[in-house]
Amino acid sequence: MTAPHKARVLVVDDEQSMREFLEIFLRREGYDVVTAGDVDAALVHLEADEIDVFITDMQMPGKTGLDLILAAREISPESIPIVVTAFGTTDSAIAAMKEGAYDYLTKPFKVDELRIVIDKALEKKVLAVENRRLRKELRSQTRDRNIIGHSRPMQEVYELIAQVAETKTNVLVYGESGTGKELVARAIHEQGDRQGEPFIALNCGAIPENLLESELFGHARGSFTGAVQNKEGLFEAASGGTLFLDEIAELSPALQVKLLRALQEKTIRRVGDTVDRKVDVRIVSATNRRLEEEVAAGRFREDLYYRLNVIQLTLPPLRERLEDIPLLVQHFIRRYADELGKRVDGMDPEAYEVLARYPFPGNVRELENLVERAVALSRGPTIGCDMLPSTVRDVRPQRDVARLPAEGVDLEKLVADYERTLLHEALRAAGGVKKRAARLLGISFRSFRYRLEKLGIEDPAPGE
């Protein structure tokens with residue numbers, strides 16, 4: 001198995017023949033290889049280069065392999081050490097492992113053993129780096145930590161939440177089931193000037209119609225059988241704050257009329273009462289159906305639609321923001337590992353690939369349930385494919401078929417746009433480091449610079 005993205009390996013050995021042998025072997029395996037004959041030369045490479053793995057002999061003139069591991073821990077903590085030691089001197093190798101070495105090989109070793117150890121070390125590094133990145137992004141999310149995502153569609157959602165939170169107008173949130181509409185409503189409430197006031201949520205489709213009016217507006221004692229005392233409705237309870245009405249399209253025509261009056265007059269009247277009561281409530285409503293279509297079909301009042309739809313916010317389904325899956329998974333792993341008392345801190349790359357193929361009809365809610373199940377069933381610190389349901393594992397990748405429209409296409413523009421997207425994505429993934437971005441794309445640094453200039457992409461670090 002060759003290393004992805006040309007992983008860089010440093011070989012440290014005072015024997016030239018061993019350095020040359022390992023360099024030839026590792027280059028054939030697909031790695032970038034640099035060598036050093038002593039610890040001081042190795043430290044120069046670790047300081048100047050991005051070294052993924054370094055293989056070091058333990059016994060060398062002057063400083064030892066253990067000295068190198070201790071120094072590398074300070075100057076290149078992400079580089080993974082592998083120790084090579086002579087037969088009969090395993091005590092020093094064990095001491096090195098206590099100081100952070102990943103594994104050790106005893107001379108003479110088989111190349112298959114070395115291949116396996118390097119592959120596993122790189123897998124460990126990829127997982128560790130990804131987990132650190134995800135934890136960092138989790139910490140930098142918006143004030144509502146339950147809304148997770150760094151994709152462009154979610155960035156647009158964050159921006160719109162920030163804009164509408166400062167207003168008093170009603171908001172209509174569109175989104176498929178499971179996309180997190182209530183979380184968005186809470187974020188709008190908590191980021192605005194009503195954050196210290198009540199936030200009350202009601203699913204209009206979950207309460208029988210004959211009880212929903214009383215739930216919303218309250219009732220007077222004796223107004224119907226069982227009304228043994230006066231009851232405050234949710235409009236009054238939420239006064240000064242926000243009332244979130246989910247599945248708003250489920251309201252009956254009669255209740256639509258009463259809701260419209262409450263929004264127009266800013267007053268409500270309890271069932272069976274004769275007194276109007278002033279309320280100051282911001283309405284955030286949500287639906288998974290297109291209300292304009294409901295209006296056209298005569299099932300929803302047009303005037304109420306315009307009252308609710310002052311500002312519209314659409315949540316993307318999970319299948320349109322697949323790049324957010326790792327961040328969401330990490331968030332849910334942390335939550336359910338804590339709740340279930342399990343020591344789980346990550347997911348295998350192959351399991352992420354399986355999730356990326358799955359269409360997620362239940363969106364983020366379905367992903368959360370999958371992760372909770374996987375954490376509950378896990379037997380180790382990492383969730384593997386075997387922890388995912390067969391309905392998810394058995395989804396096969398679909399091949400995109402390019403179709404030429406009748407009017408034709410501008411092929412050069414399409415290719416340039418795609419290349420520009422890849423360059424931007426590589427720079428983002430590499431944290432702006434162009435050498436690393438070039439390696440991610442499998443091209444030379446010079447070629448990478450040329451493509452930036454050709455496409456007019458601003459060089460993030462001209463002096464690099």
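No value in this document is a laboratory result; all are computed from the given coordinates. None of the values given here were measured: they were computed from a predicted structure. Cβ atoms come from the backbone with ideal geometry, glycine included; neighbour counts cover every protein chain shown.
Principal-axis analysis of the Cα atoms of the chain puts helix 65-75 at an angle of about 40° to the longest axis.
Expressed per residue, the C-alpha convex hull volume of region 319-393 stands at 74 Å³.
Among Arg451, Arg319, the ranking by other beta carbons within 10 Å of each residue's beta carbon, starting with the fewest, stands as Arg319, Arg451. Convex hull of alpha carbon positions in region 411-454: directionally averaged projected area 2.8 nm². Listed by chain and number, the lysines whose C-alpha is less than 29 Å from the C-alpha of Lys125, apart from same-chain residues fewer than 8 away, are Lys6, Lys63, Lys98, Lys107, Lys110, Lys136, Lys342, Lys434, Lys435.
Counting only DSSP beta bridges with both residues in the chain, the antiparallel share comes to about 10 percent.
Taking the C-alpha atoms only, the angle from helix 181-190 to the longest principal axis of the chain is near 80 degrees. For the chain, the spread of Cα coordinates along the three principal axes comes to 98, 58, 42 Å, biggest extent given first. What the pair-distance distribution of region 241-395 shows, using all Cα-Cα distances binned every 10 Å from zero, is 9, 29, 19, 18, 18, 7, 0 percent.
Here the ratio of the Cα radius of gyration of region 152-314 to 2.2 N^0.38 Å is 1.03. Annotation: the residues Tyr418, Tyr352, sorted from fewest to most other C-beta atoms within 10 Å of their own C-beta, follow the order Tyr418, Tyr352.
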